[in-house]
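The values are calculated or read from the model by the stated rules, or taken from the named source; none is laboratory data. Because the structure is a prediction, the values reported are computed rather than measured. Positions of Cβ are generated from backbone atoms using ideal geometry, with glycine treated the same way; all protein chains shown enter the neighbour counts.
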Amino acid sequence: MGKHKGRAASSGLAASLLPHAQGAVPIVGFGGYHGASRVEPAAPSSSTDPDASILLPPDVDSEVLQHLRRLGRKDPTTKLKALSTLSMLFAQKPGQEVVQIVPQWAFEYKRLLLDYNREVRRATHDTMSSLVKTVKKGLAPHLKALMGPWWFSQFDPALEVAQAARHSFEAAFPQSDKRLDALMLCVKETFLHLNENLKLTTQALSDKATPMDELEDMHQRVISSSLLAMATLIDILLGVKLQNCVRDNSSSENTSLSKVLSGTLSSAESAFSMNKYFLDFLKSKSAIIRSATYSLLASYIKHVSHVFNEEAMKPVLALSTKWMLWIQASLIPSPGSVFGVYTI
């Protein structure tokens, strides 16, 4: 993935998320969420393990549960058949019944997005679209568990996968201001998920039976997508237009928006420090990882430039003279950059 291509794609996504109207940007009140773990039917248990399986109500449809379990199989054909059937079942069943399995779906969804097979990843989003159209507002209590992987997957290098992810997001939130509301609500959780992805090693992505070339491809995809997702998140939530909303809205709305801006800034600062200035990704042998890192650092320079203090700059600038010149050029206000004009 080239630098221009990756940045252009994220630019379009950023633009679509910002409300077109100049009015208030309300913060919707979604609730909490269940932890991400595989769910089993309700049964007596004395386990005190917080990561133990979430128990489903005993009246959950057995056919739905059967296909959910099949999503854990290694064979992509089995996964695709299960996803196709689940998509059909979700569309047929009432929302109050489907919403009961959302906690388990959240667990499977997060895992399936890392799958090597792009058709599995694409079909996962098709099934997600079917689910959100059925459960509607019932998705709200689970949104924070889903948003991180949902946002990350919209930057998949496979265009058909990224588009399917985007379509499922739009199916849940047809209006751009509602998509922005959802993203603002889940800032902390989204950064947390992306940071977790950036810690993943090649070996952690699958078992020993997976060929090394597949593991390396999976790792490059997860890292580059996470970097681009973080870059666009920063661009959207710390961008000029959102800051203008703070100035234009009422005092109560300003308070909510200011908290979003403050939380985003804090999360971005923590990510920069936690990932050691993203140096390892700058030094990666993978061109798509390096390109995505440049995109992310460009977003930091635009919106969180104070993180480039003397301590941070020494190891960064030691990488190469070319990188030093790039940093200097990026800090000079201009109508464009090495990534071209970025409008939101």
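Some notes on this structure:
Residues checked against (1) of a type in the set (A, V, I, L, M, F, W, C); (2) touching a helix residue (DSSP H, G or I) at 6+ places or on another chain (Cβ under 7 Å):
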site: Ala182; (1), (2): yes, yes
site: Cys186; (1), (2): yes, yes
site: Phe191; (1), (2): yes, yes
site: Asn195; (1), (2): no, yes
site: Ala209; (1), (2): yes, no
site: Met212; (1), (2): yes, no
site: Leu215; (1), (2): yes, yes
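- Members of region 75-103 that are under 21 Å from Thr210 (Cα atoms) and in contact (Cβ under 8 Å) with a residue 24 or more places away in the chain: Pro76, Lys79, Leu80
- Verdict on Phe152 being crowded, with 22+ Cβ neighbours inside 10 Å, touching a helix residue (DSSP H, G or I) at 6+ places or on another chain (Cβ under 8 Å), part of a helix (DSSP H, G or I) and touching a residue at least 60 places away in the same chain (Cβ under 8 Å): yes
- Filter pass, Met147 being in a helix (DSSP H, G or I) and closer than 18 Å to Arg70 by Cβ: no
- All of Asp235, Asp207 fail the test of being over 10 Å from the mean Cα position of the chain (by Cα), under 15 Å from Leu296 (Cα atoms) and at pLDDT below 95, apart from Asp235.
- Filter result for the condition that a residue is surrounded by 23 or more Cβ atoms within 10 Å (Cβ to Cβ), closer than 20 Å to Asp235 by Cα and either at pLDDT below 95 or of a type in the set (A, V, I, L, M) (or both), over Ala165, Ala145: Ala165
- Search result, residues across region 257-292 that are assigned to a helix (DSSP H, G or I), polar (S, T, N, Q) and within 18 Å of Leu238 (Cβ to Cβ): Ser258, Ser262, Thr264, Ser266, Ser267, Ser270, Ser273
- One residue stands out in region 170-201 among those that are in a helix (DSSP H, G or I) and of a type in the set (Ser, Thr, Tyr): the one that is nearest to Lys144 (Cα to Cα), namely Thr190.
- Of Leu319, Leu331, Leu325, all but one fail to be modelled with pLDDT under 65, under 25 Å from Thr202 (Cβ atoms) and exposed (fewer than 14 other Cβ atoms within 10 Å of the Cβ); the exception is Leu319.
- For region 288-302, the set of residues classified as surrounded by fewer than 20 Cβ atoms within 10 Å (Cβ to Cβ) and touching a residue at least 24 places away in the same chain (Cβ under 8 Å) consists of Ile301, Lys302, listed by residue number.
Yes or no, residue by residue, for (1) of a type in the set (A, V, I, L, M, F, W, C); (2) modelled with pLDDT of 95 or more; (3) out of contact with any helix residue (DSSP H, G or I) (no Cβ under 7 Å at 6 or more places or on another chain):
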| site | (1), (2), (3) |
| --- | --- |
| Ser252 | no, no, yes |
| Ser258 | no, no, no |
| Gly263 | no, no, no |
| Ser270 | no, yes, yes |
| Ser273 | no, no, yes |
| Lys283 | no, no, yes |
| Leu297 | yes, no, no |
| His303 | no, no, no |
| His306 | no, no, yes |
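- Listed by position, the helices (runs of 4 or more DSSP H) contained in region 61-135 that have at least 1 residues being among the acidic types (Asp, Glu) and either surrounded by fewer than 20 Cβ atoms within 10 Å (Cβ to Cβ) or under 18 Å from the mean Cα position of the chain (by Cα) (or both) are 62-70, 95-98, 102-112, 118-135.
- Count of residues meeting criterion [crowded, with 22+ Cβ neighbours inside 10 Å and farther than 20 Å from Asn309 by Cβ] in region 261-287: 0
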